[in-house]
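Student: Have a look at this one.
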C-alpha cells in the first residue's frame with residue numbers, strides 16, 4: 001500500500017484478510033485512496049477483531065466491532081433477510097437466502113451510522129448464537145450481515161459471510177460477490193460524494 005501503487009487500481013479486496021496488515025505509512029495511503037474515490041470490498045475476516053489496532057478502519061470502514069461467532073457448531077445453516085433488492089449485490093435474490101457459514105456477531109448494529117446502508121440481515125431464529133463457553137452472541141431482530149457505506153468519495157462494502165472455500169462456489173453467493181465488486185469498482189449502483197451521509201434509520 002503506497003500512493004503510487006494504489007493509484008493503479010480502482011478498488012481493493014480484503015478476502016478474509018485477518019490481522020493488522022498496515023504500517024503507519026500504509027494506513028495513510030489506504031485512507032487517502034478510499035477518501036479520494038477508491039473502492040473497498042471486505043469479506044468475512046476483514047471485519048474481525050484482529051483489526052482493532054487501527055480505530056479509523058474499525059469505525060470508518062466497518063462501522064461496528066466484531067464480538068464472535070458460534071462454535072457449537074461453528075458452521076450453521078441460517079436465513080439471510082434481503083432488505084434491499086435494488087443493489088447490484090442483491091438484486092438477483094429473493095426476500096431471503098439460506099446459506100451455511102460461520103456467522104459473525106457485532107457489538108451493535110451498524111444501521112444508523114452515517115453513510116451505512118444495510119443490504120441484508122440474519123434471522124436469528126434460524127441458527128444458534130452461542131460462542132465458546134456459552135458466550136451470548138445474539139444481536140436481536142437487527143443483525144446486519146451485509147452493508148455498504150460511503151467514505152468520502154469512496155465506496156466501502158462489507159460482507160460478513162464467506163468463511164469457507166465452498167462459499168465461493170455457491171451460485172447465489174458468487175453472484176452476490178460479483179455484484180458487490182461491481183459496485184465498489186463504481187461500475188454499477190449509487191455513487192458517493194463527500195456529502196453522502198444519509199444512512200439507514202435505526
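The values are calculated or read from the model by the stated rules, or taken from the named source; none is laboratory data. This one's a predicted model, so the numbers in the text were calculated from it and none came from an experiment. Note: ideal-geometry Cβ built from the backbone for every residue, glycine included; neighbour counts use all protein chains shown.
Student: Name, by its number, the condition in (1) buried (at least 17 other Cβ atoms within 10 Å of the Cβ); (2) in contact with a strand residue (DSSP E or B) (Cβ under 9 Å, 6 or more places away or on another chain); (3) without any contact (Cβ under 8 Å) to a residue 40 or more places away in the chain that does not hold for residue 57.
Tutor: All conditions pass for residue 57, except number (2).
Student: Only one of 146, 181, 137 is closer than 20 Å to residue 60 by Cβ and either under 16 Å from the mean Cα position of the chain (by Cα) or touching a residue at least 60 places away in the same chain (Cβ under 8 Å) (or both); which?
Tutor: Details: 181 fails: closer than 20 Å to residue 60 by Cβ; 137 fails: closer than 20 Å to residue 60 by Cβ.
Exactly one residue qualifies, and that residue is 146.
Student: So, in the range 98-123, of the ones that are under 15 Å from residue 74 (Cα atoms) and not in a loop (DSSP other than H, G, I, E, B), which residue ends up nearest to the chain's Cα centre (by Cα)?
Tutor: So, considering only residues that are under 15 Å from residue 74 (Cα atoms) and not in a loop (DSSP other than H, G, I, E, B), the one nearest to the chain's Cα centre (by Cα) is 105.
Student: Further question on the same structure: Just one of the numbered conditions (1) out of contact with any helix residue (DSSP H, G or I) (no Cβ under 7 Å at 6 or more places or on another chain); (2) part of a loop (DSSP other than H, G, I, E, B); (3) in contact (Cβ under 8 Å) with a residue 12 or more places away in the chain is not true of residue 161; which one?
Tutor: (1)
Student: Of all residues in the range 22-50, which are free of Cβ contacts under 8 Å to residues at least 40 places away in the same chain and surrounded by fewer than 16 Cβ atoms within 10 Å (Cβ to Cβ)?
Tutor: If the condition is that a residue be free of Cβ contacts under 8 Å to residues at least 40 places away in the same chain and surrounded by fewer than 16 Cβ atoms within 10 Å (Cβ to Cβ), then 23, 24, 25, 26, 28, 32, 49, 50 are the ones that fit.
Student: Related question: Filter the range 111-139 down to the residues that are modelled with pLDDT of 95 or more, surrounded by fewer than 19 Cβ atoms within 10 Å (Cβ to Cβ) and out of contact with any strand residue (DSSP E or B) (no Cβ under 7 Å at 6 or more places or on another chain), then identify the one that is farthest from residue 97 (Cα to Cα).
Tutor: 138
Student: Which ranges mark the strands (runs of 3 or more DSSP E) fully within the range 1-97 that have 3 or more residues being closer than 17 Å to residue 162 by Cβ and at pLDDT 95 or above?
Tutor: Where strands (runs of 3 or more DSSP E) fall fully within the range 1-97 and carry at least 3 residues being closer than 17 Å to residue 162 by Cβ and at pLDDT 95 or above, they are 11-15, 39-43, 76-82.
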